[in-house]
1. How high is the relative contact order of the chain, in percent, counting Cα pairs under 8 Å that sit 6 or more residues apart?
2. If you take every DSSP beta bridge fully contained in the chain, what fraction is antiparallel? Give it as a percent rounded to 5.
3. Just the ratio, please: alpha-carbon radius of gyration of region 3-205 over 2.2 N^0.38 Å, N its number of residues.
4. Report the full-extension gain for the segment T2 to N375: residue separation times 0.36 nm, less the Cα-Cα distance, to one decimal in nm.
5. Using a 7 Å offset from the Cα along the Cα-to-Cβ direction at both E168 and E132, what is the distance between the two label points in nm, to one decimal?
6. Got a sec? Charge dipole of region 336-384, +1 on Cβ for Lys and Arg, -1 for Asp and Glu; which of P344, V354, T368 is way out at the positive end?
7. Let me test this: with uniform point scatterers at the alpha carbons of the chain, what is the Debye-based log₁₀ I(q)/I(0) at q = 0.10, 0.15 1/Å?
8. How large is Rg over Rh for region 217-389, taking Rg from the Cα atoms and Rh as the Kirkwood inverse mean of 1/r across Cα pairs?
Amino acid sequence: MTQLIDFSAALIEPADIRAAGFAGVVGYFSESRPGTNFGAKPLRRDYCDRLRAEGLEIVTNYQYGKGPTADWRGGYDGGARHAETALRFHFEAGGPGYRPLYAPVDDNPTLDEWNSLIAPFLRGWASVVGPEWTGVYCNARCIDWALEDGVGQWFWQHNWSGDPSINEHHPAAHMHQIEIDQREISGVGIDVNEVLRPDYGQWSAARTPGPVSPISREDDQTGISPNTSSRGGAPVLWFLLHTQEGNGDAQSLANYLQNPNSGVSYHYTDDNTGTVIDVVDTDLASWSVLSGNSRSINLCFAGSRAAWSRDEWFARMQRGIDCAAWLAVQDCRKYGLPIRTISPEELGADERGVADHNAYTIGKRDGTHTDVGPNFPWDYLNAKLAEYGG
């Protein structure tokens, strides 16, 4: 099993760490507390560069106080303050973004201490580094509490629990400290940690995260509207956009489409609040574009009008356009469509992609609809398709 070491008394030559058979270090990115002089607190850029040049992994950990002065005793404000220091040392040492920073709970706390001080401390920590990058150094019991309270997503387990029966690898742990001060490398005492997951917070695994969905609420209401048909084996060719020509929101428009007397439906309705209603399953045909229903996926911007100016589209439906682009990318991938917009002429030739009802009308000479109108910001939609399509 891959093993890392942590140490604080003095720096250890990277070549010696490698020669001892370890894959990397959990480094301290904190100052020495008053009355101490730890030679490996904090790790600096030159040393981290030498670790990486030796092919060793680095994980960012922080601990300043201990016992009566433990960092977590500062509650929320202390968590935010210590996280700011940890983040500063992390970046100064060449640490990448999008990596967890492990906060210290180097104790066996009571539930009352957890609720009154430690959970607030971790929330303060997360307010600086982000909840998704909040790591916690703690025992197995505290891992359970952190999961229950939603205050940690990365866990470095230690065995100071008072109960050996819970000191096995916790299923949520990323690393486990299994040995303390039993060995030395080059005269420096070390602790030994087992790596439990492929990504445990090591710097080398940093990746820019993918795009975040603009949808604030998506409600699956498929199966309610009777205004659907089988695709009859026809392939999906187009993701088409529509305007409502009314003043509704996503839900009120969906209500109308669920009325059997309306005679119309779309796969999705969305609005500028980021709300999306799934009205018709995309494996079925909605009743949206006459003879093109069996070959299209259709989305309607609730409360929109084809006569809007470009400024009105941005003022009244920019987030709705974001949501439409996000859904278009997902469905283009699902049905094998290229993530691109197409012209009426391309649609008429059965080329695949994203367009609107107007493109269908012109390309197929079917019907009279002109939505989404001449001022729709296609350049903006193209940019969002590229962003979400990666």
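1. Answer for the chain is 12 percent.
2. 30
3. Working it through for region 3-205, the quotient is 0.94.
4. 128.5 nm
5. 3.3
6. The residue sitting most towards the positive pole is V354.
7. For the chain at q = 0.10, 0.15 Å⁻¹, log10 I(q)/I(0) is -0.76, -1.08.
8. With Rg and the Kirkwood Rh in hand, the quotient comes to 0.92.
Here, each number is a calculation from the coordinates, and none is a lab measurement. Just so it is clear, the structure is predicted and the values come from calculations on it, not from any experiment. Here Cβ is always computed from backbone atoms with ideal geometry, including for glycine, and neighbour counts include all displayed protein chains.
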